[in-house]
Amino acid sequence: MTESDILGPVPKLPSPRAVLNRLVTVGALSATLVVSAIAGADHWVRVTAEDHVHDLGSVPPAPVALVLGAQVLPGGQPSAFLAARLETARQLYRAGKVKAILVSGDHADWDYDEPGAMLVWLVARGVPASQVILDHAGFDTYDSCSRAHRIFGVNRAIVVTQDFHLQRAVALCRTLGVDATGVGDDSVRVYRPQWLRGEVREHGAALKAALDVLSQRDPVFLGRRETGVDAAVSDS
């Protein structure tokens, strides 16, 4: 009795070409699924934000402006992108379009404080500290919008960020319970590499936003109800 009689026939392995063809097919299908998912997320963002994006002059008044955080430089100075957002919010406040400003950003580490830097910038330029409310757990746009509604009780707001980010921010806030309009900044478009990087990043960010909404995840931190926005709006 031979070894083949005992073990049975040896299965024929696929050729390297066949393996490669299968990998290419799987890769192509996966890429198609990803592209389709991104296209669907982009469409959701556009449709949800449609007719809710304005300029400073045409945006309807709202009780509060929600300013989304961005990079703070060493020493606590807002980056050009963040400073431009803050200037937009300052103009909204000065024009009487909003009564309070909710600044939402990353303060996960004690030595990195986006909301604190935003407060200092606004107060130094004439916005009363009593009208600026800090959200220290706005780690991404989803968290900022969700916490604005669930923690700070915001039902209507003007969202402030850069133009390339604005539709996604408005779409998320509207989906998460805030009747949001948006005002975007394009003054920092002069920083062309950073601006283009932001535009490209938005496609993947839109997909993440859609997945966050579908999963209905909680923000990283929730906590107790905060009344700072209520007090600032009622006192103004």
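The values are calculated or read from the model by the stated rules, or taken from the named source; none is laboratory data. Bear in mind that the values here come from a model prediction, so they are computed numbers and not experimental data. Virtual Cβ from ideal backbone geometry, glycine too; neighbours counted across all protein chains shown. The area values use the complete protein model at the heavy-atom level, side chains included, leaving out ligands, DNA and RNA. Shrake-Rupley method; radii C 1.70, N 1.55, O 1.52, S 1.80 Å.
Per-structure values
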| item | result |
| --- | --- |
| Subset of region 156-174 (residues that are in a helix (DSSP H, G or I), closer than 21 Å to Pro60 by Cβ and not polar (S, T, N, Q)) | Asp163, His165, Leu166, Arg168, Ala169, Val170, Ala171, Leu172, Cys173, Arg174 |
| Where a residue in region 181-204 is in contact (Cβ under 8 Å) with a residue 24 or more places away in the chain and its partner, wherever it lies, is open to solvent by 100 Å² or more (accessible area, probe 1.4 Å) and not small (Gly, Ala, Ser), with Cβ under 9 Å and at least six apart | Thr181/Arg156; Trp195/Arg189 |
| Condition met for Ser130 (open to solvent by 50 Å² or more (accessible area, probe 1.4 Å) and of a type in the set (Gly, Ala, Ser)) | yes |
| Residue tally, condition in contact (Cβ under 8 Å) with a residue 24 or more places away in the chain, more than 15 Å from Val220 (Cα to Cα) and part of a helix (DSSP H, G or I), over region 98-152 | 10 |
| Conditions (1) open to solvent by 20 Å² or more (accessible area, probe 1.4 Å); (2) more than 29 Å from Asp109 (Cα to Cα); (3) touching a helix residue (DSSP H, G or I) at 6+ places or on another chain (Cβ under 8 Å); number of the one not met by Val59 | (1) |
| All positions within region 150-174 that are surrounded by fewer than 19 Cβ atoms within 10 Å (Cβ to Cβ), closer than 16 Å to His52 by Cβ and over 13 Å from the mean Cα position of the chain (by Cα) | Asn155, Arg156 |
| Hey, Asp186 at pLDDT 95 or above and closer than 22 Å to Ala83 by Cβ or not | yes |
| Positions within region 72-97 being touching a Pro at 6+ places or on another chain (Cβ under 8 Å) and either within 22 Å of Gln194 (Cα to Cα) or without any contact (Cβ under 8 Å) to a residue 12 or more places away in the chain (or both), in sequence order | Val72, Leu86 |
| Subset of region 74-127 (residues that are open to solvent by 40 Å² or more (accessible area, probe 1.4 Å) and of a type in the set (Phe, Trp, Tyr)) | Tyr93, Trp110, Tyr112 |
| Members of region 226-236 that are surrounded by fewer than 17 Cβ atoms within 10 Å (Cβ to Cβ) and either modelled with pLDDT under 95 or of a type in the set (Gly, Ala, Ser) (or both) | Ala231, Ser234, Asp235, Ser236 |
| Candidate set: region 175-199, residues that are open to solvent by less than 40 Å² (accessible area, probe 1.4 Å), in a helix (DSSP H, G or I) and of a type in the set (A, V, I, L, M, F, W, C); chosen: the one nearest to Val64 (Cα to Cα) | Val188 |
| Residue count for region 200-218, restricted to those that are open to solvent by 90 Å² or more (accessible area, probe 1.4 Å), among the basic types (Lys, Arg) and not in a helix (DSSP H, G or I) | 0 |
| Region 219-236, subset in a helix (DSSP H, G or I) and of a type outside the set (Gly, Ala, Ser), residue nearest to the chain's Cα centre (by Cα) | Val229 |
| Condition met for Val72 (at pLDDT 95 or above and in contact with a strand residue (DSSP E or B) (Cβ under 7 Å, 6 or more places away or on another chain)) | yes |
